[in-house]
Every structure is written in structure tokens, then in C-alpha cells.
Amino acid sequence: MPIVSPSILSANFANLQADIEMLNESVADWMHVDVMDGVFVPNISFGFPVMKAIQPIAKKPLDVHLMIVNPEKYVERFKMAGADFLTVHYEACKDLKKVVDQIHANGMKAGVSINPETPANVLNDILPFVDLVLIMSVHPGFGGQKFIPETISKIQEVRSMIKARGLRVLIEVDGGIGLQNVEEVTAAGADAVVAGASVFTSENPKETLKKLKVTL
Ligand code: DX5
Ligand code: ZN
């Protein structure tokens, strides 16, 4: 069964509390929090004030996905805002190892994410030091996009890299995941799946979350 991390990017921002409470009561394992700066990606989502509002009511770990440049400037503040997992983009870091160490020093799990056009082998050096690899299966910036099918072989590749080196690193996959492909993504080697639009636009989000977990 995959770890399911619904993305609140598709939640109702005019009544976020209701959606957070729905997720609290659901089978969701984590809550995926997408932070966008309008520079690393062509969109702006939300930042610290929204996270601080979520923190006291969320009963699941906050899985924070930073789509921002210079993430090293804000590591401590994301800890203060409630992040449990803090994932930065390979493409956005000048010194990735340093940022990963900084995340650990602040008591969070560290993740590294790669864009669809970034090959898996860029992860070679950092792999032993991270807790999680976040493989983007859409171009980051927007919810509700179509899953890029080439991601499947990248998941398999990262899975074999981790296995060959005997590491304990979780693979999370993000973008365009729903009931139609969760099985394929999990079978390819994903431990965790992010789901935004497929959960929040469904008639019964709690049921959809249940189905996402038990497809295999
Ligand atoms: C995209 C974000 C995703 C997004 C996923 O840039 O990183 O987490 O919210 O949404 P869906 O599941 O709708 O593709
Ligand atoms: Zn994300």
C-alpha cells in the first residue's frame, strides 16, 4: 500500500480548515504542501502564514515541497512553520549537500526532487544522504496536469539505484496521479504518491483516498 500524500494545492483556500479536517479524518498518511515562488516555477502558491495556520490543526505530517530558488535561506523558517519533510529541487540548489545537512540539522527529514527533464543519475552523489526522492511526473507549477508516462522508467531506475546500494530512501511521485494510474506508479517502485486534483475534485475525497491506498 502506498503512502498517500494529498496536495492541498487543490484544496479550497477559502475554507482550508474544512479540508484539513477532512484529511485528518481520512486515510491520508501525510499532507503535501506545495510552496511556489514565481521564479523557480511560473506560479505563486502560498507561504509561511498559510502554513502557520495549518500547523495547529493538521494531524498528519507536513510533506513540504519547495519549488523555490535559494531554499537554503528559509530552512529554519519552514521548520518553525511545521514542516516534517522538507524537499528541495536538485535544479534549485547550488550546494545540495549543504542544504540537505541544514534540513537535518533543523530536525526535519530531507528530500530532493527532480523535474521531468532531469535524469535520475544526477542523484548519485546525494542519494546516501537523503530520506526521500521526489520524482516529478508533471512540470512543476500547477495542479491538475497530465501524468508524463516516461516517469515510470525513471521510478524504476531510481528504485534500482537505491536497491543496488542498499539504501533506505523513500521514493515519492508527484503530478497527475489518480485511481487510473496509482497502481502502475506503485508497481514501478513508488513508496509514496501525491494526489491533488484527483482527490479534491472527486465527489467523495475521503473515499478516493481510501481507494488510492488499496488499489494494490
Ligand atoms: C505541481 C505540484 C503538485 C501538484 C499535484 O507543481 O508539485 O504537488 O499539486 O497536483 P495533481 O495531483 O493535481 O497533479
Ligand atoms: Zn508537489
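The values are calculated or read from the model by the stated rules, or taken from the named source; none is laboratory data. Note that the coordinates shown come from a computational prediction; the quantities given were computed from them, not determined experimentally. All Cβ positions, glycine included, derive from the backbone under ideal geometry; neighbour counts span all protein chains shown. Side chains included, ligands, DNA and RNA excluded: accessible areas come from the protein's heavy atoms. Shrake-Rupley method; radii C 1.70, N 1.55, O 1.52, S 1.80 Å.
Of all beta bridges that DSSP places with both ends in segment 1-119, some 5 percent have antiparallel geometry. Pairwise Cα distances in segment 5-61 exceed 16 Å in 40 percent of cases.
Based on the mean of other beta carbon atoms within 10 Å per residue, what is the order of 27-35, 119-127, 68-76, most packed first?
Working: 27-35: 23.0, 119-127: 14.0, 68-76: 17.4.
Top of the packing list down: 27-35, 68-76, 119-127.
Pick from Val88, Val99, Val41: which residue has the top mean-square fluctuation in a GNM of the chain where Cα pairs under 10 Å get a spring? Result: Val41 has the largest fluctuation of those listed.
Over segment 150-212, accessible surface divided per residue gives 47 Å², non-protein components excluded, 1.4 Å probe. Rolling a 1.4 Å probe over the protein heavy atoms gives segment 94-133 an accessible area of 44 Å² per residue.
When the inverse distances between all different Cα atoms of the chain are averaged and flipped, the Kirkwood radius reads 17.0 angstrom.
Partner aspartates and glutamates whose Cα lies under 15 Å from the Cα of Lys73, excluding those fewer than 8 positions away in the same chain, are identified as Asp37, Asp95, Asp101.
Here Lys163 is the anchor, and the lysines within straight C-alpha reach of less than 17 Å, apart from those fewer than 8 places off in the same chain, are Lys154.
Note on segment 85-212: with neighbouring protein chains present and a 1.4 Å probe, carbon and sulfur make up 51 percent of its accessible heavy-atom surface.
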